[in-house]
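The values are calculated or read from the model by the stated rules, or taken from the named source; none is laboratory data. These numbers come from a predicted model, not from an experiment. Methodologically, a virtual Cβ is constructed for each residue, glycine included, from the backbone with ideal geometry; neighbour enumeration extends over all protein chains shown.
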Amino acid sequence: MASTPRPPSPSASPAEAPARKVPEAVHRRRWAILAVLLFSLLIVVLDNSILNVAMKTIASPAPDGLGATQSQLEWAINAYTLVFAGILFTAGLLGDRYGRKKTLLFGITVFGIGSVFSAFSGSSGELIAFRAVMGFGGAFVMPATLAIIMNVFEREEQPRAIGIWAGAVGLAIAIGPITGGILLTHFWWGSVFLVNVPIVVAGLIAMVLLVPDSKDPSPGRLDPVGVLLSVVGLVLLVYGIIKAGQLADFTDPEVWGTVGGGLLVLVLFVLHERRTDHPAIDVRYFRNPAFSAAVSSISLVFFALMGTTFFIVFYNQSVRGYTPLQSGLLLLPLAAAQMFFAPRARHAVRRFGARAVCAVGMVLVAATMAGFLLLDAGTPIWILEVIFFVQGSAMAHIMPPATVSIMQSMPREKAGSGSAVNNTFRQIGGALGVAVLGSLLSTTYRDGIADRLAAVPGLSDSARHAAGESIEATLGVAGQLGPAGKELVAPANDAFIHAMHVTVIGSTAVALLGALVVALFLPGKGGPRPGESAAPARTAEAGADA
């Protein structure tokens, strides 16, 4: 469809008027298109957080649950993450080549089918397999939404649209536990998956009617070797990270073998991409500070955030005694702050520059991480709510500018690849955060509770080892011991809070590292805006290479 130029706004002089690249018909319905994209994004992100609430129910014996073991429960979550992260990059490339609308429709359909089969799984093995199917579909949805945004909004409106997109991600993370808690109060555990189906059906109809297709007009030849290397490398890396979190041991041969193998394959991928004349992604984009620093900041902030989210669930439910629904409601300040500030972050960037805004945001994230040191078993809950609100506000001033910097550093026709890189690094950062900080939490907790468990009479070595794995395991053993087990509750809470405090020191250090990366490498207010000079230069280079 040919692009119909629109007249410049009355306030802009002819010399200042931006070149219009979006067709008029698409431009008029751009906000309706964004709303449709946000619904598809919402269920993909929400699904991961909603499942956490159903874990205890799924672990129950039939007919209430599936009788899943702890390892099976972990893989019900991790199967989604492993497949999702492993093919995100490939899904973005396919969207650029064959059309983002086509890949979006394909992804959301597969996700919906996987949701139906997950809801009616008859065993833990079936649930794990169908969760992997959902991850496969979700991987085609996430990069397509951001790529379509870049192709239906003009450059001057992209920061606002991406801010709304980032706010929706934060909302989904928070409302997942709330939605799950409500559903489990009235329905069986499969309802947390079946709720996706009507949203998928409505979304498919709206996408067909409203969302335009777009793709790279000159995609060049396929790079099957590069695609294969990226999938194998990412799957090995993410699998090793997940396994490290499960074992709480990065020295295990299975962990360092798969992580090391994944890193080696990814190094081969980079070397191949540098030498081939038709790369899946031009790795020279990473030479652009606006691109590489933004990617690094997203990885580091999600490393710190997901590690923190991991332990705060146990703090709220195990230490403070809140129900899953109440625990989800406690996250509302985090979501509300992101929803309010993310679409408005562009105003701060316009005034102070992306580097200053993102650096201050990272420092505030570090400060809120350190704020968790104030929490103990009796801390007034409003202190946690204030911490969440400030943390959400800080993240709302990091994610949109960093994402805009990544996306505007690449040509519009490569938007799928840029979105895939953004989401891949976010997934890897989050998985690393859960694995590394979760391992630190687990190890510190076990050391803190070991002496108290050793003093419990009649407890076998295997039971003692299992009870030291987590505060939930300790409280489970305490419940089995009857009145004598009550003496374990206070020591378990104390050991967990100490472990949490040690862990947040690690989160704080990672967030401060992110602030340093941003301050040193992200272009400041005086430098060129992301994409103004970098993207054309890259386009010219690509043309010369061809």
Taking the stretch 378-409 and keeping only residues that are in contact with a Leu (Cβ under 8 Å, 6 or more places away or on another chain) and either more than 23 Å from Val518 (Cα to Cα) or not assigned by TED's automatic domain parsing to the domain that holds Asn423 (or both), one is left with Ile381, Ile383, Leu384, Glu385
First in the stretch 353-370 and not assigned by TED's automatic domain parsing to the domain that holds Ala293, second anywhere and part of a helix (DSSP H, G or I) and surrounded by 24 or more Cβ atoms within 10 Å (Cβ to Cβ), Cβ under 9 Å, 6 or more apart: none
Where in the stretch 39-157 are the helices (runs of 4 or more DSSP H), entirely inside, with at least 2 residues that are under 17 Å from the mean Cα position of the chain (by Cα)? 70-98, 124-152
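Would you mind stating whether Pro491 is over 27 Å from the mean Cα position of the chain (by Cα), in a helix (DSSP H, G or I), assigned by TED's automatic domain parsing to the domain that holds Ser409 and at pLDDT 75 or above? Walk me through how you get there before you give the answer.
Values: over 27 Å from the mean Cα position of the chain (by Cα): yes; in a helix (DSSP H, G or I): yes; assigned by TED's automatic domain parsing to the domain that holds Ser409: yes; at pLDDT 75 or above: yes.
In short, yes.
Could you pull out the residue among Val267, Val283 that is surrounded by fewer than 17 Cβ atoms within 10 Å (Cβ to Cβ), of a type outside the set (Phe, Trp, Tyr) and touching an Asp or Glu at 6+ places or on another chain (Cβ under 6 Å)?
That would be Val283, the only listed residue that is surrounded by fewer than 17 Cβ atoms within 10 Å (Cβ to Cβ), of a type outside the set (Phe, Trp, Tyr) and touching an Asp or Glu at 6+ places or on another chain (Cβ under 6 Å).
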Among the residues of the stretch 180-212, what is the count of those that are in a loop (DSSP other than H, G, I, E, B) and either among the aromatic types (Phe, Trp, Tyr) or not assigned by TED's automatic domain parsing to the domain that holds Phe130 (or both)? 3
In this structure, is Ala359 at pLDDT 75 or above, surrounded by 22 or more Cβ atoms within 10 Å (Cβ to Cβ) and within 30 Å of Leu94 (Cα to Cα)? no
If Met339 passes every condition in (1) within 17 Å of Gly167 (Cα to Cα); (2) modelled with pLDDT under 80 but one, which one does it miss? (2)
Screening Arg320, Arg287 for residues that are over 21 Å from the mean Cα position of the chain (by Cα) and modelled with pLDDT of 80 or more leaves only Arg320
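Residue-by-condition table, conditions (1) more than 30 Å from Leu441 (Cβ to Cβ); (2) not basic (Lys, Arg):
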residue: Met339; (1), (2): no, yes
residue: Ala345; (1), (2): yes, yes
residue: Arg351; (1), (2): yes, no
residue: Ala354; (1), (2): yes, yes
residue: Leu364; (1), (2): no, yes
residue: Trp382; (1), (2): no, yes
residue: Met395; (1), (2): no, yes
residue: Thr403; (1), (2): no, yes
residue: Arg426; (1), (2): no, no
